[in-house]
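Q: The structure is given below, and queries will be raised subsequently.
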Amino acid sequence: MTPETLKNLLREYNLKPNKTFGQNFLMDEIIMQDMVEAAGVSDTEAVLEVGPGVATLTKFLTDRARFVLAVEKDKKFQPLLWDLKKSKTNFDFVIGDILAFDFGEALKKYKQYRVVANIPYYITGKIIQLFVRSKHRPKSITLLVQKEVGENVTAKPGKLNLLGISVQLYGKPSIVARVPARSFFPAPKVDSVVVHIDLPDRPKYKIADEKKLFRILRACFSGKRKQLHNTLVNNLRLDKTYIEQLLKELSIPYESRPQQLSIEQWLSLCDEIVL
């Protein structure tokens, strides 16, 4: 799709990018195809698309999937999506906020589904955590995200962060394509990447107490530049001597910072620490 083709489509439906909703429309059809391939979309499964916008990616998805359900927050796209629905028997859409949408109920008749989306960057973290921690989790998530977010999601110990841990506890993320800013209209200020997250039925890690784990993680990463023993003592109001002994027993260096620990170390710490 050329910039002129996209602009003509927007004019046809009297549309324009909405900055409030973080709308940047992807024009590169090769990237769209890459997203569909990376997602592993097949004619036996459903796809949930978040923020279809002008529905260019949607058309690639409907060509491959058994059924595509799109959730679009901006009601101005409703006429365009209605026209697509008339021509695609395996497509439907909902005008609403994905963060408040009961996708489990909407897709309950499908044994498996996948999420594919070009989402607004300002809610990327919320959307990822919405799906990875859902009881009705998708089989995979394939997202077009800001480059920095993609690097955070796939980070290793040394650069590990709260978002990366949140994803890697439940799935296996990878960057499958890099997307320059010029691939969008309007062009964002940063480059992007396509991130694919496989979500197995049985996650790699067993979490004994999820609520406790994330309480510890949030407390520690609120001061990620500080040494771990200080954040545990100050943010969770724990005894300094107790923390020193606990870190020693777990073979976690006393001077460690939150981003340096592996997921296995975080789980061990969560299992042993008494709040």
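Q: Does Gln33 fit the bill of being under 30 Å from Tyr110 (Cβ atoms), in contact with an Asp or Glu (Cβ under 8 Å, 6 or more places away or on another chain) and either touching a residue at least 24 places away in the same chain (Cβ under 8 Å) or charged (D, E, K, R) (or both)?
A: no
Q: Only one residue in Lys19, Lys59 is modelled with pLDDT under 90 and within 27 Å of Ala177 (Cα to Cα), so which one is that?
A: Result: Lys19 is the single residue among Lys19, Lys59 that is modelled with pLDDT under 90 and within 27 Å of Ala177 (Cα to Cα).
Q: Output the helices (runs of 4 or more DSSP H) that fall wholly within segment 1-67 and possess 2 or more residues being of a type in the set (Asp, Glu) and surrounded by fewer than 20 Cβ atoms within 10 Å (Cβ to Cβ), or say none.
A: 3-12, 29-39
Q: Please give the number of the condition Pro180 fails out of (1) in contact (Cβ under 8 Å) with a residue 40 or more places away in the chain; (2) more than 20 Å from Arg133 (Cα to Cα); (3) in contact with a strand residue (DSSP E or B) (Cβ under 9 Å, 6 or more places away or on another chain).
A: (1)
Q: Ala181 - would you say it is modelled with pLDDT under 95, under 13 Å from Gln146 (Cβ atoms), open to solvent by 10 Å² or more (accessible area, probe 1.4 Å) and aliphatic (A, V, I, L, M)?
A: Criteria met by Ala181.
Q: Does Leu232 count as touching a Phe, Trp or Tyr at 6+ places or on another chain (Cβ under 7 Å) and either at pLDDT below 90 or closer than 21 Å to Gly164 by Cα (or both)?
A: No; evaluated as a whole, the condition is false for this residue.
Residues are listed down the side, and each one gets a yes or a no for (1) hydroxyl-bearing (Ser, Thr, Tyr); (2) free of Cβ contacts under 8 Å to residues at least 24 places away in the same chain; (3) over 27 Å from Gln260 (Cα atoms):
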| residue | (1), (2), (3) |
| --- | --- |
| Glu105 | no, yes, yes |
| Ile128 | no, no, no |
| Lys139 | no, no, yes |
| Lys156 | no, yes, no |
| Asn161 | no, no, no |
| Val167 | no, no, no |
| Lys172 | no, no, no |
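Q: In segment 218-271, which residue that is in contact (Cβ under 8 Å) with a residue 12 or more places away in the chain, acidic (Asp, Glu) and more than 26 Å from Val153 (Cα to Cα) is most open to solvent (accessible area, probe 1.4 Å)?
A: My answer is Glu249.
The values are calculated or read from the model by the stated rules, or taken from the named source; none is laboratory data. A quick note: this is a predicted structure, and the numbers were derived from the prediction, not measured. Please note: Cβ atoms are built from the backbone with ideal geometry, for glycine as well, and neighbour counts cover all protein chains shown. Calculation scope for accessible area: heavy atoms of the full protein, side chains included, ligands and nucleic acids excluded. Shrake-Rupley method; radii C 1.70, N 1.55, O 1.52, S 1.80 Å.
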